[in-house]
Amino acid sequence: MRHQLGGRTANRLLVAAALVTLTVGAGFVAASPRTLAPGGPAVPTVVAPVEPVAASVPPPAVLTPTDVVRETGRWFSHGRTLELRPDGTGTFAVWMGAFDGHLVQLRLIPAPGAATVAEVVAIDRVGEGALAPDETPGIGGLVTVSFGRAARAAHVEWSSGPRRLAADLCAAEGLDARAMEELRCGA
């Protein structure tokens, strides 16, 4: 008798589980989109429930100075000097004399392309100064430096209001007098 009672209970549990499965499954199929079978009636499409996934937003990229410094060193040409440092800063200076000029402090910023782009952080006037008012870049303005391939020359461009100004400079090291003459950057 015990065996029959256990078998009946097990059968009843299986039937109850089947009914629950059919009821839940029927509700799910009724709520799912239907597609047409070729040449036949609409067939329910079974769609697996989607669990919410936490959107992972990558943290902002932390750039180190080496990510923005494409070339470092010193360049010069007829009263102009440029220094780009490995810490991501630079100085572009225009000199009228030994103690008269403008020092344009730069902060290198990441930019696409081969040129190095810097933002003007500060402008210091030394003595009488060397840049005319319409040649002085503004704070926050951009300075673009592109480098020559054959020789370590630097082409610097900056804007002052509507004007776009440029200067060509030679590397302070590694060039002889003939190369400086050809590049027109002798002192």
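The values are calculated or read from the model by the stated rules, or taken from the named source; none is laboratory data. Computed from a prediction, not measured in an experiment: that's the story for all the values here. Glycine also receives a Cβ, built like all others from the backbone with ideal geometry; neighbour counts cover every protein chain displayed. What goes into the accessible areas is simple: the full protein's heavy atoms, side chains included, and nothing from ligands, DNA or RNA. Shrake-Rupley method; radii C 1.70, N 1.55, O 1.52, S 1.80 Å.
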*Can you tell me which residue among ALA154, ALA179, ALA171 is hydrophobic (A, V, I, L, M, F, W, C), under 15 Å from SER77 (Cα atoms) and in contact with an Asp or Glu (Cβ under 8 Å, 6 or more places away or on another chain)?*
ALA154
_With the condition being under 16 Å from LEU106 (Cα atoms), touching a Leu at 6+ places or on another chain (Cβ under 8 Å) and at pLDDT 85 or above, I'd like the strands (runs of 3 or more DSSP E) fully within segment 128-187 carrying at least 1 qualifying residues._
142-147, 153-160
*Could you tell me which numbered condition TRP75 fails, if it satisfies all but one of (1) open to solvent by less than 50 Å² (accessible area, probe 1.4 Å); (2) within 25 Å of the chain's Cα centre (by Cα); (3) more than 17 Å from ARG164 (Cα to Cα)?*
(2)
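Residue-by-condition table, conditions (1) in contact with a Gly (Cβ under 8 Å, 6 or more places away or on another chain); (2) modelled with pLDDT under 55; (3) under 15 Å from VAL156 (Cα atoms):
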residue: VAL43; (1), (2), (3): no, yes, no
residue: ALA54; (1), (2), (3): no, yes, no
residue: PRO58; (1), (2), (3): no, yes, no
residue: GLU71; (1), (2), (3): no, no, yes
residue: PHE76; (1), (2), (3): no, no, yes
residue: THR81; (1), (2), (3): no, no, yes
residue: LEU84; (1), (2), (3): yes, no, yes
residue: ALA93; (1), (2), (3): yes, no, yes
*Selection from segment 66-101 of residues that are touching a residue at least 40 places away in the same chain (Cβ under 8 Å), within 23 Å of PRO112 (Cβ to Cβ), touching a strand residue (DSSP E or B) at 6+ places or on another chain (Cβ under 7 Å) and not in a strand (DSSP E or B)*: VAL68, VAL69, ARG70, GLU71
*May I ask you to say which residue of GLU182, GLU173, GLU128 is acidic (Asp, Glu), without any contact (Cβ under 8 Å) to a residue 40 or more places away in the chain, over 16 Å from ALA93 (Cβ atoms) and open to solvent by 40 Å² or more (accessible area, probe 1.4 Å)?*
GLU182
